[in-house]
Amino acid sequence: MESRYNPAAIEEKWQQLWVEQGVDLTPEITDKPKFYALSMFPYPSGNLHMGHVRNYTITDVIARVRRMQGHRVLHPMGWDAFGLPAENAAIDRGVHPAKWTYQNINQMRTQLQRLGLSYDWNREVTTCSPDYYHWTQWIFLEFLKAGLAYQREAAVNWDPIDQTVLANEQVDSEGRSWRSGAKVERRLLKQWFFKITAYAEQLLKDLDQLDGWPERVKLMQENWIGKSTGAEVVFKTEGGDHLPVFTTRPDTLWGATFMVLSPEHPLVEKLTTPEQAAAIQTYQKAAAAKSEIDRTAEDREKTGVWTGSYAINPVNDAAIPVWIADYVLMGYGTGAIMAVPAHDQRDFEFAKTFDLPINVVVQPADREIDAATMKVAYADEGVMVHSGPLDGIPAGKGAGQSVEAAVKWLEQNGKGKGMATYRLRDWLISRQRYWGCPIPVIHCPSCGIVPVPEDQLPVQLPEDVEFSGRGPSPLAKLTDWINVSCPTCGEPARRETDTMDTFMCSSWYYLRYPDACNDHQAFDPAKTNDWMPVDQYVGGIEHAILHLLYSRFFTKVLRDRGILNFDEPFKRLLTQGMVQAAAYKNPKTGKYFAPSLLDLADPRDPETGDPLETVFEKMSKSKYNGIDPEQVLAKYGADTARMFILFKAPPEKDLEWDDADVEGQFRFLNRVWRLVTEFADRSTAASAANGALSKAEKDLRYAIHNAILQITEDLEGDYQFNTAVSELMKLSNALTEAPCKKSFIYQEGVETLVKLLAPFAPHIAEELWHLLNHSDSVHQQPWPQADPTALVVDEIPLVIQIMGKTRGTIQVPAAADKQQLEQYARESDLAQKYIAGKEIKKVIVVPGKLVNFVVE
RNA sequence: ACCCCUGUGACGAAAUCGGUAAACGUAACUUGCUUAAACCAAGUGUGUUGCAGGUUCGAAUCCUGUCAGGGGUACCA
């Protein structure tokens, strides 16, 4: 018999056997409760990194436990395989994106298989494969039919490095592209959009359904959707045009002293007087050149130009000047605002810069505000003044306060209505790149936009293309491919050359797994409705808005198309923390150094000799702190890597890589190995039960069933894998120390340990299970059940407190009631020492826990 | 500026409902095994839970303030 733990020998063996036996395939039996466990699928960059390992290990443990607990489990994997890196590889190295991508997929699949992840590989999906993108195109056409896909010319984010447009979600708060990091520019282009704003309210409201999501992710989505409630008020220009504005403070309408339009507002041209035309046009040009981020950056001086015209305030018929300024955005509200400088800081600054009038309409209780002397806008509570019908009403958004009264007045007088606006913008989904899913649309000079008929899908990506440089998409140059006849009228027409945002492909992949091989449908709704929603989704926090918001949107649209019967795709979400490692940084220069160049006992900058700072940061090439999973697997095996990752930190927290702790887990698995093999080696079988258990047996049995209870609890709810592993260690320690190694209880303990270990370290558990003379798989064993009778104890320690300070414990019968507990406590030597001669004012008894004496 | 999260031994962490703070593991040290070291085994030490108040018989846990680190949003009308 193998006497040493040798992961290299057993891991590969079991991985092969499991594939042969099909133990990880999804069962089709329907009498078991379903459980859909899903990790966010990776982009096939070619190399697995530790973040992936952590993500997939977590999901794998969840899937394995559920299987043992009697669920039919769907646990699939696939590839988010369209995207720019493949195209850049083609440009830089001359490899076709498809070849590069599929090579990477093969490499990464092998790496994943080495981790012992229990995937049903029969359901693998690859978004760049025509079998898959066929249905991405079909979904696009569904959106088109629903009126939720449209083309529009708009000022959009242009990434100058990747040479493509980007959605708002893909630009960070500093105006940089999520992928290339380049500062985005603003360009006026005709682009495809998805009308996600039509679902803003539902996307916001249904966050309430997501009890199993981290609060902070829900909060981030809530902020991103950015609902503001207020009113739409319709102003009129002197020429009689309607000029609606959105405001959250309709109550301050009587204090509006001017209006500001976005430079792109359609009425600007009409409102501009000949004298102002030159100034307005200059300003419009300057604004167009700036990105939205630049325009809205804070602490910029207010700029603007008067159009020369006036508008009529509908509440008092006052004529107020109409300005344009770039701080008003065409994409939000109506692209026009009424300015109330006395009560809005931005308007106040604008009024001060251009010497415009300020009218106070809210007065605070404790002082009097004077328009001439005020230094900042007043936005707090007070009482309405100079506001006609609102005079005397308390200012505020609550019931019976001024905003409510103003909305009521507007509606009664036909001057406006209550309304909500959202910060969320429509999703820009077209990209000027080759390696993406073609948009299945044909542009016909006479019929306009014509969808490619469903029987002609998929529109295949042409393979024979040239990648010359980072110019425009190579598709735009393929005249043979572009020129087609219109499917409706047969006249010459042109294909759409833009491809879809890759987030489109990943917004529905989880719907495909339940029916991944379907070649005549995206999926059979019956199968998808059966498996969905995903019971547990696991992935990185970086998708808190992007992928998770888009997927929720897709789900709701397909539900409204009658294809799906649920509202939300992901019932529970776990966002795992980053994997960090020590990096060595010169605090003066900010430069990082590879550990191989340094003496780690005293790290110094090799150039300057400065002492270096050791910091834990996300693994990256530029910081020289990456740990290659391949090397860890080669040295310790997958089971150790898994155990380390699970034990080192709770799943949502960042995890600091530490080689010493990896060693620690390897040692633990070695201890388990010895413990089990030594037991299996003993030829004398464990003695059977005869009569009552000894004290040692009872104690051991308690330890076994307590471990079952604790680990089972840790795997429910918050997924505390770190404490679950520590419970495994405690059980292992208890078995090592147990004086009753010949008892059948000891055998129960050893077998339970192996079963409890199975989801965490699947290979060693399987090997040990077989060494214990079992011929079936440990992964098909039922999850151990804690026996309540084993957890009953005769005596418990009772804490004695005096004035809330713990003084010690006494042993008391577990069955004692409150009165008896107090009695035991009073009589104990421990308490006597402190309460002798003192008056006891109060006694607090917490059954099963403590007795506290409050004395004089 | 606003919102959110996190501060516990040398380090990672654990502590249902407020009830023995530090389980479990790293690292360090001692001893045994060994020719020696590693491995392995036995053992040892580390604490006013970031800080200041408050509530309570009792606070890591609840409340107020404050400091530090991280994240999100940001002229959104």
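Coordinate-derived values only; no laboratory data. If you're wondering where the values come from, they're calculated on a predicted model, not measured in any experiment. Cβ placement follows ideal geometry from the backbone for every residue including glycine, while neighbour counts extend to all protein chains displayed.
Data overview
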{"read-out": "Net charge of neighbours whose Cβ lies under 9 Å from the Cβ of A:Thr528, counting Lys and Arg as +1 and Asp and Glu as -1", "value": "-1"}
{"read-out": "More than 24 Å apart - percent of Cα-Cα pairs taken over segment A:715-856", "value": "54"}
{"read-out": "Farthest positive-ward along chain A dipole, Cα basis, beta-carbon charges - from A:Leu141, A:Ser473, A:Gln21", "value": "A:Gln21"}
{"read-out": "Cα centroid separation, segment A:595-652 to segment A:513-584 (Å)", "value": "33"}
{"read-out": "Rounded to the nearest 20 debye, dipole of chain A from Cβ charges on Lys, Arg, Asp, Glu", "value": "580"}
{"read-out": "Listed residue pairs exceeding 19 Å between alpha carbons, taken from A:Lys205/A:Lys571; A:Lys635/A:Lys755; A:Lys32/A:Lys527; A:Lys34/A:Lys205; A:Lys805/A:Lys849", "value": "A:Lys635/A:Lys755; A:Lys34/A:Lys205"}
{"read-out": "Equivalent ellipsoid semi-axes, chain A, via Cα gyration tensor eigenvalues times 5, rooted, Å", "value": "59, 41, 26"}
{"read-out": "Test item: Cα-centred dipole of segment A:212-324, Lys/Arg +1 and Asp/Glu -1 on Cβ, debye", "value": "200"}
{"read-out": "For segment A:660-791: span of alpha carbons on each principal axis (Å, largest first)", "value": "41, 31, 30"}
{"read-out": "Anisotropy class of segment A:579-626 from Cα gyration tensor, a/c 1.5 cut", "value": "prolate"}
{"read-out": "DSSP-defined beta bridges in segment A:470-584 - what % are antiparallel, rounded to 5", "value": "40"}
{"read-out": "Label-reachable residues, segment A:789-811, where backbone N falls under 15 Å from a point 7 Å from A:Ala692's Cα toward its Cβ", "value": "A:793-795"}
{"read-out": "Low-density loop cleavage sites - GluC sites (Glu not before Pro) in segment A:133-175, where at most 15 other Cβ are within 10 Å (DSSP)", "value": "A:Glu174"}
{"read-out": "Long-range Cα-Cα pairs in segment A:359-408 (distance over 18 Å), rounded percent", "value": "26"}
{"read-out": "In segment A:547-609, chymotrypsin sites (Phe, Trp or Tyr not before Pro) in a DSSP loop with at most 15 other beta-carbon atoms within 10 Å", "value": "A:Phe566"}
{"read-out": "Folded to 0 to 90 degrees: helix A:215-225 orientation relative to chain A principal axis, Cα", "value": "10"}
{"read-out": "Segment A:25-116 shape via C-alpha gyration tensor axes, a/c threshold 1.5", "value": "prolate"}
{"read-out": "Amide hydrogen neighbours beyond the local backbone of A:Lys236, cut-off 5 Å, H modeled", "value": "A:Leu243, A:Ile312"}
{"read-out": "Proximal charge balance of A:Ser694 [Cβ under 12 Å; K/R count +1, D/E count -1]", "value": "+2"}
{"read-out": "Long-range HN-HN contacts of A:Cys128 with modeled amide H, under 5 Å", "value": "A:Ala81, A:Phe82"}
{"read-out": "Between helix A:345-354 and chain A: long-axis angle, C-alpha atoms, 0 to 90°, nearest 10", "value": "30"}
{"read-out": "Amide H contacts of A:Ala493 (H built 1.01 Å from N, under 5 Å, at least 5 apart or other chain)", "value": "A:Val484, A:Ser485, A:Cys486"}
{"read-out": "Theoretical ellipticity at 222 nm over chain A - DSSP helices of four or more residues, -39500 (n - 2.57) apiece, nearest 500", "value": "-10500 deg cm²/dmol"}
{"read-out": "Beta bridges by DSSP in segment A:227-420, antiparallel share as percent, to the nearest 5", "value": "90"}
{"read-out": "For chain A, share of DSSP beta bridges that run antiparallel, in % to the nearest 5", "value": "75"}
{"read-out": "Residue-wise HN-Hα coupling along segment A:238-248, computed from phi with Karplus coefficients 6.51, -1.76, 1.60 (Hz; x: Gly, Pro)", "value": "4, x, x, 6, 6, 9, x, 10, 9, 9, 8"}
{"read-out": "Rh (Kirkwood; distinct C-alpha pairs) - segment A:130-186, Å", "value": "13.1"}
{"read-out": "A:Asp519-A:Asp787 pseudo-label distance in nm [points 7 Å out on the Cα-to-Cβ vector]", "value": "5.5"}
{"read-out": "All-pairs Cα distance distribution in segment A:795-855, expressed in whole percent, bin size 5 Å", "value": "4, 22, 37, 25, 10, 3, 0"}
{"read-out": "Potential extension, A:Gln103-A:Tyr834 segment - 0.36 nm per residue separation minus Cα distance", "value": "255.6 nm"}
{"read-out": "Length added when fully stretched, A:Glu663-A:Asn483, from 0.36 nm per residue minus Cα-Cα", "value": "58.5 nm"}
{"read-out": "³J(HN,Hα), Karplus 6.51/-1.76/1.60, whole Hz, each residue of segment A:65-79, x for Gly, Pro", "value": "5, 4, 4, 5, 7, x, 8, 8, 10, 9, 9, x, 8, x, 9"}
{"read-out": "Low-density loop positions, GluC sites (Glu not before Pro), segment A:339-409 - DSSP coil, at most 16 other Cβ in 10 Å", "value": "A:Glu368, A:Glu381"}
{"read-out": "Degrees, to the nearest 10: A:546-560 long Cα axis against longest axis of chain A", "value": "80"}
{"read-out": "For segment A:46-104 and segment A:259-274, distance of Cα centres in Å", "value": "51"}
{"read-out": "Given charges at beta-carbon only (K, R positive; D, E negative), |dipole| of segment A:795-855 in Debye", "value": "320"}
